[in-house]
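Below is one structure, written out as structure tokens; comments come after it.
The values are calculated or read from the model by the stated rules, or taken from the named source; none is laboratory data. What you see is a predicted model, and the numbers here were worked out from it, not measured in a lab. Cβ coordinates were reconstructed from backbone atoms using ideal geometry, including for glycine residues, and neighbour counts include every protein chain displayed. Please note that ligands, DNA and RNA were not included when accessible areas were found on the heavy atoms of the full protein model with its side chains. Shrake-Rupley method; radii C 1.70, N 1.55, O 1.52, S 1.80 Å.
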Amino acid sequence: MKTLRLLTLFFIVSCFNVNAVNAAEHHSGHGASSGGGGGGENGCLKPQLTKFLPANLATVAPGSGFSFYAFNVEKPEQIKVTVKTIPVEVTTEDKDSFYVVKGKLPAELVNTTARINIKVNAKIPRCNGENGWLVKIAEQ
């Protein structure tokens, strides 16, 4: 009776282990090869854009810096940032499983509220990502 219980327990644990390995393989970040992990041409991981600084609706000075994290992005060239439709040049730092993206608000934007808008263009259009947040830009 104990042998049967042990075998059942062993089987259940091995099933969870296989699922964990598969999940890790499919969420490997931007270092994965194109269409990898068995997803094929039809599968993709949508970009995740998080850790927006300054915080949403924070009041900042004109020309202030901003940053965010970009997960599931293959190349930093895929990331495009605009502020009130003005293209913003950004720098990226590769952290192995994600990118830290930094930029500066356009200095000409004064005494206004502006959206920092991020678009990630993937090879497959349905795998594109978009996100952003609002900041209040002070007079000086």
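Seen from Tyr99, the other residues with C-beta closer than 12 Å to its C-beta sum to a net charge of -1, counting Lys and Arg as +1 and Asp and Glu as -1. Across Phe98, Phe66, Phe71, the residue with the most accessible area heads the list, and the full order at a 1.4 Å probe is Phe71, Phe98, Phe66. Other residues lying with their Cβ under 12 Å from the Cβ of Ser64 contribute a combined charge of +3, Lys and Arg counting +1, Asp and Glu -1. A straight Cα-to-Cα reach below 17 Å connects Lys75 with the lysines Lys46, Lys95, Lys102, Lys119, Lys123, residues fewer than 8 places away in its own chain not being considered. A full extension of the chain between Ser67 and Cys127 corresponds to an added length of 19.4 nm, given 0.36 nm per residue minus the alpha carbon distance.
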